[in-house]
Structure formats: C-alpha cells, structure tokens
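Asker: One structure, pasted below without further comment.
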Amino acid sequence: MAGSHPYFNLPDFAQPSPPSTPPSLPSLQCCQPSDATKGLLVALLGGGLTAGFVGPFSRMAYQTSHLPSLELLICRCLFHLPIALLLKLRGDPLLGPPDARGRACLHALLNVLSIGCAYSAVQMVPAGNAATVHKGSSTICSALLALCLESQGLSGYDWCGLLGSILGLIIIVGPGLGTLQEGTTGLYTAMGYVLAFLGGLALSLGLLVYRSLNFSSCLLTVAFLFGLVGLVGSVPGLFLLQTPVLPSDPLSWSCVGAVGTLTLVSFACVSYAVTKAHPALVCAVLHSEVVVALILQYYVLYETVAPSDIMGAAVVLGSIAIITAKNLSCEREAQVEE
C-alpha cells in the first residue's frame, strides 16, 4: 500500500492538527489584590485624601463667619439623615436589629464625640497640627486596643510602617508642643491638642465597636445613627455652650456643603476599610489626611508650614508606602476541581 512506503509516511498537513496543550505552570497563578489591600486603598483614596480637605474648610468657615464647631457638626449630621430613605426602601429597621442596636448607637456616639473634639481642636490650633494629633492618637490607641481586646497582632513590616508614621507625626507636631506660650494663649493651644487626642481615642474605640457589628445594612444604619445621635446631642449643646451663627456669605455656605459631602464619603470609606484590614493600619493610612491638610494650610489658608512639617510629611508618606507595599499581596485562586 502507498501508505506503507517510507516516502508516504509524512504528516498529513491537510488535516488540522489538534491544539497543543500548554504545559501546566503551577507557579503561574491568577493574582488579585487581597481584602486587606482593597481596604487600605479605599481608606487612602476615599478616607484620607477627602478628609484632608475637611480641616481647612472648617477653619475657613470659622474665619469668615465664626461658625461654631457644634453648628458645623449639626450641618454635617444633616447630610446623614437622608440615608433613612434608603433603609426604608430596603425594609430594614432604622436603628438596626434589636441585638445590635446598643452597639450601633454606641458607635454613633463615639464618632460624634470624635468629630466634635476634632472640629473644636481645629479652631484652637492650626489645621495640620490638629489632624496630626487626632490621627496619631487614633493609630496608637487602635493598635493597643486591637492587641489587647482582639488579640490581633501585626507583622514586622506593619509595625515598621506604623511606628514610622507615628514618628512622622511627632516630627510635625513636636516643635509646636515645645514652644507653647504661658498664660491664656498657651492654655488655649494646649486644650486644642488635648481635644484632638481625645477625638483620636474616641475614633479608635468607634472603629473597634463597628468591627463587632455584623448585619446586612450595617453601614447604612451606623451612618444614619451618626446623624441622629449627632443632632440630639449637638443642638442642645449649641445653645448652652456656644452662640449659633447664621452664615451670610457664600464662602461659608460653600465650606459647610463641602465639609458635609466630604465627611460623608470619608465616613463610608473608613467604615468599609476597617472591616477588611487591621484598624491600626487603616488609621496609619489615614495619616495621608495630615499631608493634604498641610498642603492646603500653606496654599489656601496661607499659614506657615515649617521645615519640620515637610520632613514629617515625607516620613508619613514613606510609612504609608511601606504598609501599602507589604499588603499588595496576591491571593491564589483555588482551581482544584473536585
């Protein structure tokens, strides 16, 4: 037969050759950002960068119309109340499930105290310094509380980035603390730093309480409760402790609207991020707020930025880079078929 001749034992090019199967590469895995990385990126872009505008805008509102801190807090709470419509459309209770209602209200109360202290501190000390102490204290307290209450440890790279960011904050605020004046002015400035520290402590406690909540409409519920609790506590305090002011210039109203919108975005992003990553790492990434506040403090408010502020901001950015780079890991997708 012709097929048996050696010259005819050639490959049949007319027939399509079967597709070649590539060799299996077990080392080649489909990579995607881990949950911790997603949380940190959300905290950085949606939480820290947006919150950096809040302090300067709050100070601008105070400088133009002497808007009290509690009145600014009330305006911010008003932006949270329309979330009740979303909860109603979803058919969820406004105050959350009965078993988690107490913790949800406690989370809202701690956030109101944190924001109230931060707004008051901004009016007493420069916006960048107030944000520095606020974020630094929240980072330290979050690390200690998570370690003591949740037994959640950190890796060596995380501790390196965490301590580096705290060092950057000390570089920024240290010279200002060392030159406090004696008398009423110095006491007024020291009170601003104390309020900023207490605000950071309340923020760290609120983040831990939020991590213990676990129901479907958790984020919407705590956002609405923040507005409700803030109004209930701020309205009486405004008339008892401060004097209400009705802004008359467009700049003040613009600042109030910007503060309400940006803080709502930051609130949602931070609440999401803390469920994905360690609270201390989330707070450390939020130190980017300090860098943004210092930039706006110099270019918008025309306030002096010392060389130590620039050096500390560089250290903070380097520490954030360490934390982010360490957490930019890849999750291997299981491809084993049973």
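Asker: Whether any residue in the stretch 239-262 is among the aromatic types (Phe, Trp, Tyr) and under 18 Å from Cys105 (Cα atoms) is what I want to check. Break it down into steps so the answer makes sense when it comes.
Answerer: Step one: filter the stretch 239-262 for residues among the aromatic types (Phe, Trp, Tyr), giving 239, 253.
Next, only the ones that are under 18 Å from Cys105 (Cα atoms) stay: none.
No; the residues of the stretch 239-262 include none that is among the aromatic types (Phe, Trp, Tyr) and under 18 Å from Cys105 (Cα atoms).
Asker: I'd like to verify a number: residues in the stretch 244-277 that are within 15 Å of Arg76 (Cβ to Cβ), over 17 Å from the mean Cα position of the chain (by Cα), of a type in the set (Ser, Thr, Tyr) and surrounded by fewer than 18 Cβ atoms within 10 Å (Cβ to Cβ), how many?
Answerer: Adding up the residues that qualify gives 1.
Asker: When you go through (1) part of a helix (DSSP H, G or I); (2) at pLDDT below 90; (3) open to solvent by less than 20 Å² (accessible area, probe 1.4 Å) one by one for Leu67, which number turns out not to apply?
Answerer: It fails just one condition, (1).
Asker: Now for a separate question. Looking at (1) within 30 Å of His107 (Cβ to Cβ); (2) part of a helix (DSSP H, G or I), find the lone condition where Lys276 falls short.
Answerer: (2)
Asker: Need pairs with beta-carbon distance below 7 Å; first residue over 23 Å from Ala121 (Cβ atoms) and within the stretch 199-218, second part of a loop (DSSP other than H, G, I, E, B) and not acidic (Asp, Glu); sequence gap 6+ or separate chains.
Answerer: Every condition considered, the pairs that remain are Arg211/Val274; Arg211/Thr275; Phe215/Gly96; Phe215/Pro97.
Asker: May I ask you to say which residue of Gly102, Gly46, Gly39, Gly55 is open to solvent by 30 Å² or more (accessible area, probe 1.4 Å) and among the small types (Gly, Ala, Ser)?
Answerer: On the way: Gly46 fails: open to solvent by 30 Å² or more (accessible area, probe 1.4 Å); Gly39 fails: open to solvent by 30 Å² or more (accessible area, probe 1.4 Å); Gly55 fails: open to solvent by 30 Å² or more (accessible area, probe 1.4 Å).
Within the list Gly102, Gly46, Gly39, Gly55, the selection yields Gly102.
Per-residue answers, yes or no, for (1) among the polar types (S, T, N, Q); (2) at pLDDT 90 or above; (3) buried (at least 19 other Cβ atoms within 10 Å of the Cβ):
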site: Gly3; (1), (2), (3): no, no, no
site: Ala61; (1), (2), (3): no, no, yes
site: Leu72; (1), (2), (3): no, no, yes
site: Ala84; (1), (2), (3): no, yes, no
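The values are calculated or read from the model by the stated rules, or taken from the named source; none is laboratory data. Here the structure is a predicted model, which is why all the values come from computation and not from measurement. Note that we place each Cβ from the backbone using ideal geometry, even for glycine, and neighbour counts take in every protein chain shown. For accessibility, only protein heavy atoms count, side chains too; no ligands or nucleic acids. Shrake-Rupley method; radii C 1.70, N 1.55, O 1.52, S 1.80 Å.
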